[in-house]
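Colleague: I am attaching a structure below and will ask some questions about it afterwards.
Derivation of every value follows stated rules applied to the coordinates shown; laboratory data play no part. All values reported here derive from a predicted model rather than from experimental measurement. No Cβ is skipped: glycine too gets one built from the backbone with ideal geometry, and neighbour counts run over all protein chains shown.
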Amino acid sequence: MRRARVLWRGALHDACDAGGRLRLDTGELVEEADVAWLPPLAPTERPRTIFALGPNYADPAKELAFKAPEEPLIFLKAENTLIGHREQTQRPADATYMHYECELAVVIGRTARRVTRADAYGYVAGYTVANDYAIRDYLENYYAPNLRVKNRDGCTPIGPWLVDAADVRNPMNLRMSTTVNGSVTQRGSTGDMVFDIAFLIAYLSSFMTLSPGDLILTGTPDGLVGVHPGDEVVTEIGGIGRLVNTIVGDEALSEAA
Amino acid sequence: MSHPDRIEVDATDGTVRIDGRSTRVGDVDWDVPTRGTVFGTLLNYRGALTVLGNAVDAAPYPAPPIAPVLYIKPANTWAAWGDPIVLPPAVAAVEIGAALGIVIGTTVRGVSEQEALDCVAGYTVVNDVCEPHASLHRPAIRERCRDGFCPIGPWVIARHEMRSPDALKLRVLVNGELAAENTTANLIRPVARLIADVTEFMTLSPGDVLLAGVPENSPRAHAGDRVRVEIEGVGALENALTAERSS
């Protein structure tokens, strides 16, 4: 099942994919274009923990030069940064380099503490697509990447679907791509992750408890390019979803003010 | 048993009045008094930056920080007054970080320093526990985010019950002995300025807790120790460190 959370006629609904249309929890069938999409995540009682990976992809073309890190570079994000499918992300006027990052997002389904790699997939509820935008201008090397780079409001589109884990045969072999205004700029495969999903769940749960609804954004392959106001950025992962986002400038905010 | 949302407390002597009865703080079963995301602030005490010395001018940093450096204390780290802080065998000692918790009351983005305190619901005491780590280059997830590494409480003092947050004495006691002392007067970014600079790039929401920072030279504590973080006018937060039982 591919699940979404949407606003339709001013009300919040759970919905599922009904072959190009959406079936709402009320049973009604509606067009995808007629809803506003929220992150496809059920609310949690406490703030969900959102993990994201720094460099986590081996580039096959540079394999000889690539020195795999011994420990994953993991940082945390907060819920202020999440937005849904077909929304807008702001690029500040003073930024010179803002780039997308197409990432497979793992949604935890059960409380996980000291889980082995062999058992790790039993703790996954499902998968979705995240676009973990970064604004490099604000990078400072203290607890890097710092929150000013990675935790800006609306800088992490996620969705459109939460795809049930049972419906994803091998999450470690999914095609990834990003297009900017229709041109492909990034290609990869989740199979090239350095620290794979099972490792990450085992590693994190070795020192902290993971809870249902927690997210792990598993990193992005090579192929990052800058984006500018007006660009339509589509991050897509085979079998999981096609996440559309549009870059807007500061004026989009000041008009609203 | 009653579960009141609001109680009368004396932040100085730890007296609590619940349902008209006076009791001691240690006789109450406390919950974590906040619900939103907890953001820590790194290097916000002048002394903490001084301790780094010339290192800030060298790799990997290689310049002093410009914007506030934040980190997140996720929900698994939260603990209430009196909850044990459990140290696994791999963790010999932890640092006891005395942090003023600024509890946000209204949604705030891009606020000026002059108006910043209007968004504050109140203040609480936070013990920002971490494993010692010398390098500040990468996010210290393993060092800061173990279960129970963020006691909060016991209560939130409403902002209007407090004077300015800019010169509050902080003390850390380990087994009753004074182990560290400082004051929020030493903050590089005092509370209002910190809120203004953080909300320049992200929204704070009701219930979120922004930690003003942890002073330099946080005292270390070990399993078996009882630690107490006091903030003048806000309260005192006590927890015991215990060794994890081998399973």
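Colleague: Could you give me the ³J(HN,Hα) list for the stretch A:2-8, computed from phi with Karplus coefficients 6.51, -1.76, 1.60 and θ = phi - 60°, whole Hz, x at Gly and Pro?
Modeller: 10, 10, 9, 10, 9, 9, 9
Colleague: Another question, then. Springs between alpha-carbon atoms under 10 Å, Gaussian network over chain B: tell me which of B:Val214, B:Val108, B:Val227 tops the mean-square fluctuations.
Modeller: B:Val108
Colleague: Scan the stretch B:161-247 for trypsin sites (Lys or Arg not before Pro) in coil per DSSP, keeping those whose Cβ has at most 14 other Cβ atoms within 10 Å, and list them by number. Walk me through the intermediate numbers first.
Modeller: On the way: sites: B:Arg163, B:Lys169, B:Arg171, B:Arg193, B:Arg220, B:Arg226, B:Arg228, B:Arg245; in loops: B:Arg163, B:Arg245.
Answer in residue order: B:Arg163, B:Arg245.
Colleague: Shifting gears a bit: Using Cα pairs under 8 angstrom and six or more residues apart, how large is the relative contact order of the stretch B:30-243, in percent?
Modeller: 35 percent.
Colleague: Order B:46-56, A:201-211, B:174-184 from most to least packed using the mean count of other Cβ atoms within 10 Å.
Modeller: Listed from highest to lowest mean packing, they are A:201-211, B:174-184, B:46-56.
Colleague: Next up: Any idea how far the Cα center of the stretch A:183-222 sits from the one of the stretch A:1-34, in Å?
Modeller: 28
Colleague: Oh, and also: What FRET efficiency comes out for the pair B:Ala63/B:Asn217, r = Cβ-Cβ distance, R0 = 35 Å, nearest 0.05?
Modeller: Computed FRET efficiency for B:Ala63 and B:Asn217 comes out at 0.90.
Colleague: Using Cα centres only, tell me the gap between the stretch B:104-163 and the stretch B:1-24 in whole Å.
Modeller: Spelled out, the Cα-based centre of one part sits 23 Å from the other.
Colleague: Could you please report the charge total around A:Val180, scoring K, R as +1 and D, E as -1 over all other residues with beta-carbon less than 10 angstrom from its beta-carbon?
Modeller: With Lys, Arg at +1 and Asp, Glu at -1, the neighbours total -2.
Colleague: While we're here: Can you pull the one-decimal nm distance between simple spin-label points at B:Ser135 and B:Val28, each 7 Å off the Cα toward Cβ?
Modeller: For the pair B:Ser135/B:Val28, the computed spacing is 4.4 nm.
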